[in-house]
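The values are calculated or read from the model by the stated rules, or taken from the named source; none is laboratory data. Here the structure is a predicted model, which means the values were calculated and not measured. Note that each Cβ is placed from the backbone with ideal geometry, even for glycine, and that neighbours are counted across all protein chains shown.
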Amino acid sequence: MIVAERKSMDELLETLSGYRKVLVLGCGSCVTVCLTGGEKQAEELAGLLNLAAKSKGLDLTADFASITRQCDREFFADIPEDKKLSDYDAVLSLACGVGVGFMSEQFPEVTVLPGLNTTFYGANTADGIWAEYCHGCGDCVLAWTGGVCPIARCSKSLINGSCGGTDKGKCEVDKDMDCAWLVIYKRLESLGRLEDLRKLRPPRNWSTDRGKGVRRLTHAEMVASEQENE
Ligand code: SF4
Ligand code: SF4
């Protein structure tokens, strides 16, 4: 899932300066699960903004609503009728950056502002804790790293083993973090697959990760069938 954190109140108030009527719009998917951008958080944030506006004498009122996903066209139809986008000076989106960008594109006449900082693809590792597991590199290597991602979990994104700075099992960049390559080694050892580490991996083609513009996924059959139905 995509993990995101709410921006600070100071930043939000600065972002919203000049907008008098704002709709805080939650997203019911990943950011609901990581407790930052769902309906409850949209309601809370609208309340906090109204309180801050009152206490600081700002000309700002905030409403809230939430839809299932802001990265899927079909769900925009679920924006409640009494929360028409055209009635607001801006939408403060509590979706990840995908939702903010997609919504801005779908509603070019509407100002859509980010309420969250999108941080990583992660998993819920304990109550209230999410950790990064994937960086979305576009060329997955988990088959030979025992399911442990060296791109996201090694501070240097190394793919041919440890940098040599590992200290008592911890990463030399962050002493609170296990060295990803030690984790990979132990995992492969327990799977009886240490041979996988003997193969030298060629330099990665980082263009699947960054550098060639927008990455896309196209299901040709689905596109063709949509075109036939038009
Ligand atoms: S190797 Fe790439 S796709 Fe696979 S988990 Fe790591 S970042 Fe994600
Ligand atoms: S100590 Fe381990 S996790 Fe840290 S940068 Fe080196 S190889 Fe990567």
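Things worth noting here:
- Failed item, numbered, when Asn124 is tested on (1) within 16 Å of ligand 1 (Cβ to nearest atom); (2) surrounded by 10 or more Cβ atoms within 10 Å (Cβ to Cβ); (3) under 23 Å from Val98 (Cβ atoms): (1)
- Being small (Gly, Ala, Ser), on the phi < 0 side of the Ramachandran plot and over 22 Å from the mean Cα position of the chain (by Cα) is true of Ser86.
- Residue match in the stretch 132-141 (condition: more than 9 Å from ligand 1 (Cβ to nearest atom), in a loop (DSSP other than H, G, I, E, B) and of a type in the set (A, V, I, L, M, F, W, C)): no
- Residues (more than 15 Å from ligand 2 (Cβ to nearest atom) and either part of a loop (DSSP other than H, G, I, E, B) or under 25 Å from Gly213 (Cβ atoms) (or both)) located in the stretch 166-192: Gly192
- In the stretch 143-159, residue nearest to ligand 1 (Cβ to nearest atom) [restricted to those that are within 9 Å of Tyr133 (Cα to Cα) and assigned to a loop (DSSP other than H, G, I, E, B)]: Cys149
- Which listed residue is modelled with pLDDT of 95 or more, near ligand 2 (Cβ under 8 Å from one of its atoms) and not aliphatic (A, V, I, L, M), from Cys149, Cys163, Cys134: Cys163
- Scope the stretch 160-182; condition within 15 Å of ligand 1 (Cβ to nearest atom) and buried (at least 18 other Cβ atoms within 10 Å of the Cβ); matching residues: Ala180, Trp181
- All positions within the stretch 5-38 that are within 23 Å of Pro80 (Cβ to Cβ) and of a type in the set (A, V, I, L, M): Leu12, Leu16, Val22, Leu23, Val24, Leu25, Val31, Val33, Leu35
- Hey, Thr32 crowded, with 20+ Cβ neighbours inside 10 Å and in a loop (DSSP other than H, G, I, E, B) or not: no
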